[in-house]
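Participant: Next up is a structure, given as structure tokens.
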Amino acid sequence: MEGVKRRNPHQPEFVQAVQEVAEDIFEFIQDKEQYHAQQILRRIAEPDRVVSFRVCWEDDNGNIRVQRGWRVQNNNAIGPYKGGIRFHPSVTESVLKFLAFEQTFKNALTGLPMGGGKGGSNFNPKGKSVREIMRFCQSFMTELYRHIGADVDVPAGDIGVGGREIGYMFGQYKRITNNFTGVLTGKGLEWGGSLIRTEATGYGAVYFLANMLATKGEDLNGKTAVISGSGNVATHAAEKIVQLGGKVLTLSDSGGFIHDPDGITQEKIDWVKTHKTHRRGRIEEYVDAFPGATFHAGKTPWGVPCDVALPCATQNELLGEDAKVLVANGCKAVSEGANMPTDLDGVHVFKAAKLLYAPGKASNAGGVAVSGLEMSQNSERRAWKEEELQQMLKDIMMGIHQSCLTYGDQGGGYVDYVKGANIAGFKKVADAMLAFGVV
Ligand code: GLU
């Protein structure tokens, strides 16, 4: 870890992600000579390449704006690089390297042949006009297109990149290359997208949660849930919780959280979806539409007592102190919809409390899993039915849960899902790397 810190100065998120994996892997590889002899740990913590580029675009007032874009191609040992694109002012090389690193293990866990990558820009979509978004996406793709391909690297959405942005980027890719191919996932249904891709991350996180609860003979019926975020992952997680008989108490955005003690019903979730996606509104306005609720400015929702918690906003949104409050309030299970939302202190609190705690690389893998299914459908040039895809998503989440049990069962009724996910993901990628020799 000292070497990782030295080689990656000023990249705290990347170091954090490597540390979280390394804590479990050191123990696993202790007596396995092949991984040591081939320097697998040293190699797996070094991205295959990091492409950094300038993105120029013109705003509506005619000003020339310059942003930085990246694509981190982390590891393609088990398939083409695969992972989303994030547009957010917090994006740095460190953030994208951590996300690409996590993605590598997550994608391995799905059982589908996908390597790990991630890309993005420090561009802030908030307050931009639709035309500005389009110009930015086109400019971003004008450089990115030369680094990607259906068998090379397949980007998708992430924070700040949804169906609209994927459309603008796919349109530009097609225009430049004259190639209609499955080079991006999260596409619209009319042009090669897959059913349930939009719902998959949130639904998958709840399926994983249900699998964890089932090991204790419990289910979601009648359970209270605290959820952070109010985007695609959070709203679909909320929807599935409601469908399975649970009661959702909170949602949030960067301005604060709303607490609705009556429960956030399907009708209210639909309002949030329209409000956030089409009106590009703030969660604060929820309390005007539904007066039973309260808004808590500048706060995260972890202090609201609950049975289960789903952090679905962003990295490091749940800190050690928050984890202690959740445990003290009797929270039984935490399923991460976001990537690395719990910081290292928080992870240690959950592990010590022996909570049912799923790291994002296991529990939020449903999104990229259905992306993998979108790639298969594109290669086959056909579209599968909704029921087939729903079942495949459920099966994949159950398979990931099983992998976590295989490597994370500590006996005495406690499963360390972090350890299970880290070892299962690592083993698949590392064994493929061993087969290739020193490359
Ligand atoms: N951005 C999502 C993730 O973090 C999805 C990536 C994809 O579909 O390629 O897994």
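Just so you know, all these numbers are worked out from the coordinates, no wet-lab data involved. Since the structure is predicted, the reported quantities are computational estimates derived from the model, not experimental observations. Glycine also receives a Cβ, built like all others from the backbone with ideal geometry; neighbour counts cover every protein chain displayed.
Participant: Would you work out which of Thr274, Thr177, Trp191 lies farthest towards the positive end of the dipole of the chain? Charges go on Cβ: Lys and Arg +1, Asp and Glu -1.
Facilitator: Result: Thr177, furthest along the dipole toward the positive end.
Participant: A follow-up question, please. In vacuum, with every alpha carbon of the range 303-439 counted as one equal point scatterer, what does the Debye formula give for log10 I(q)/I(0) at q = 0.13, 0.16, 0.17 Å⁻¹? Two decimals, please.
Facilitator: Reported log10 I(q)/I(0), two decimals: -0.66, -0.91, -0.98.
Participant: Using alpha carbon centroids, what distance separates the range 191-214 and the range 280-333, in Å?
Facilitator: 21
Participant: Grab every C-alpha pair in the range 68-214, bin the distances at 5 angstrom width from 0 up to the longest one, and report whole percents.
Facilitator: The percentages, shortest bin first, are 2, 10, 18, 22, 21, 16, 7, 3, 1, 0.
Participant: Let me ask another. Can you work out the FRET efficiency for the pair Val439 and Asp288, with r the C-beta to C-beta distance and R0 = 51 Å, to the nearest 0.05?
Facilitator: Numbers: r = 58 Å, r/R0 = 1.14.
Once the sixth-power term is evaluated, E becomes 0.30.
Participant: Rounded to the nearest 5, what % of the DSSP beta bridges within the range 230-352 are antiparallel ones? Let's see the in-between values first.
Facilitator: Details: 8 of 11 bridges.
In the range 230-352, DSSP labels about 75 percent of beta bridges as antiparallel.
Participant: Moving on to the next point. To check my understanding: the extent here is largest minus smallest coordinate of the Cα atoms along each principal axis. What are those three numbers for the range 262-365, in Å, largest first?
Facilitator: That gives 41, 27, 24 Å along the principal axes, largest extent first.
Participant: Here is a further query. Could you pull the Cα extents of the range 167-285 along its three principal axes, largest to smallest, in whole Å?
Facilitator: 52, 37, 22
Participant: With a sphere of radius 10 Å drawn around the Cβ of Gly420, what net charge do the other residues whose Cβ falls strictly inside it have (Lys, Arg +1; Asp, Glu -1)?
Facilitator: On the way: positive: Lys419; negative: Asp24, Asp409, Asp416.
Taking every other residue near Gly420 into account, the sum is -2.
Participant: What does the convex hull of the alpha-carbon atoms of the range 132-236 project to on average, in nm²? Display every interim value, and only then the final one.
Facilitator: Numbers: hull surface 34.7 nm².
Mean orientational projected area (the range 132-236, Cα hull): 8.7 nm².
Participant: Highest mean first, how do 229-237, 195-203 rank when packing is the count of other Cβ atoms within 10 Å averaged over residues? Write down the numbers at each step before the final one.
Facilitator: Values: 229-237: 27.8, 195-203: 24.8.
Peptide ranking by packing, descending: 229-237, 195-203.
Participant: What trypsin sites (Lys or Arg not before Pro) in the range 200-280 are in a loop by DSSP, with at most 10 other Cβ atoms within 10 Å of the Cβ? Show your work: numbers first, answer last.
Facilitator: Details: sites: Lys216, Lys223, Lys240, Lys247, Lys268, Lys273, Lys276, Arg279, Arg280; in loops: Lys216, Lys223, Arg279, Arg280.
Answer by residue number: Arg279.
Participant: Another question, then. Test of the criteria: in the range 85-154, which trypsin sites (Lys or Arg not before Pro) are in a DSSP loop and have at most 16 other Cβ atoms within 10 angstrom of their Cβ? Let's see the in-between values first.
Facilitator: Values: sites: Arg86, Lys97, Lys106, Lys118, Lys126, Lys128, Arg131, Arg135, Arg146; in loops: Lys126, Lys128.
In loop regions of the range 85-154 (DSSP not H, G, I, E or B), the sparsely surrounded trypsin sites (Lys or Arg not before Pro) are Lys126.
Participant: For the chain, what proportion of DSSP beta bridges, expressed in % and rounded to the nearest 5, is antiparallel? Please list the in-between numbers first.
Facilitator: On the way: 27 of 47 bridges.
The answer is about 55 percent antiparallel.
Participant: Compute, for the range 259-409, the length of the dipole vector about the Cα centre, with Cβ point charges of +1 (Lys, Arg) and -1 (Asp, Glu) only. Units Debye, rounded to 20. Let's see the in-between values first.
Facilitator: On the way: 16 positive and 21 negative charges, 46 e Å.
In total the dipole reaches around 220 debye.
Participant: Filter the cross-link list Lys106/Lys427; Lys106/Lys428; Lys106/Lys394; Lys273/Lys324 down to pairs whose alpha-carbon distance in this structure exceeds 21 Å. The partial results should precede the final answer.
Facilitator: Values: Lys106/Lys427 12 Å; Lys106/Lys428 11 Å; Lys106/Lys394 16 Å; Lys273/Lys324 31 Å.
As for pairs spanning more than 21 Å Cα to Cα, those are Lys273/Lys324.
Participant: Okay, moving on. How would you rank 39-47, 173-181, highest first, on the average number of other Cβ atoms within 10 Å across their residues? Walk me through the intermediate numbers first.
Facilitator: On the way: 39-47: 17.6, 173-181: 14.0.
By packing density, highest mean first, the sequence is 39-47, 173-181.
Participant: Let me ask something additional. Looking at this model, which pairs from Lys118/Lys385; Lys5/Lys97; Lys276/Lys385; Lys187/Lys268; Lys247/Lys385 are more than 20 angstrom apart at the alpha-carbon? Numbers along the way, then the final one.
Facilitator: On the way: Lys118/Lys385 29 Å; Lys5/Lys97 13 Å; Lys276/Lys385 28 Å; Lys187/Lys268 26 Å; Lys247/Lys385 30 Å.
Result: Lys118/Lys385; Lys276/Lys385; Lys187/Lys268; Lys247/Lys385 exceed 20 Å.
Participant: Using 1/(1 + (r/R0)^6) with R0 = 25 angstrom and r between the beta carbons of Glu58 and Ile176, what's the FRET efficiency to the nearest 0.05? Each step should come with its number before you reach the end.
Facilitator: Values: r = 19 Å, r/R0 = 0.75.
FRET efficiency, Glu58 to Ile176: 0.85.
Participant: Related question: Report the one residue of Leu405, Gly425, Leu389 whose Cα lies farthest in the direction of the positive end of the charge dipole of the range 388-439 (charges on C-beta: Lys and Arg +1, Asp and Glu -1; origin at the Cα centre).
Facilitator: Gly425
Participant: Which semi-axis lengths, in whole Å and largest first, follow from the square roots of five times the eigenvalues of the Cα gyration tensor of the chain? Write out the running numbers ahead of the final one.
Facilitator: Numbers: eigenvalues 177, 166, 86 Å².
Values for the chain, descending: 30, 29, 21 Å.
Participant: Can you compute log10 of I(q)/I(0) for the range 375-439 with the Debye formula, treating each Cα as one identical point scatterer, at q = 0.13, 0.14, 0.26, 0.28 Å⁻¹?
Facilitator: The Debye formula, applied to the Cα set alone, gives -0.58, -0.65, -0.98, -1.04.
Participant: Taking the convex hull of the alpha carbon atoms in the range 257-305, what volume per residue do you get, in Å³? Intermediate results must be reported in sequence, preceding the final value.
Facilitator: Working: hull volume 3.9 nm³, N = 49.
For the range 257-305, the hull spanned by Cα atoms encloses 79 Å³ per residue.
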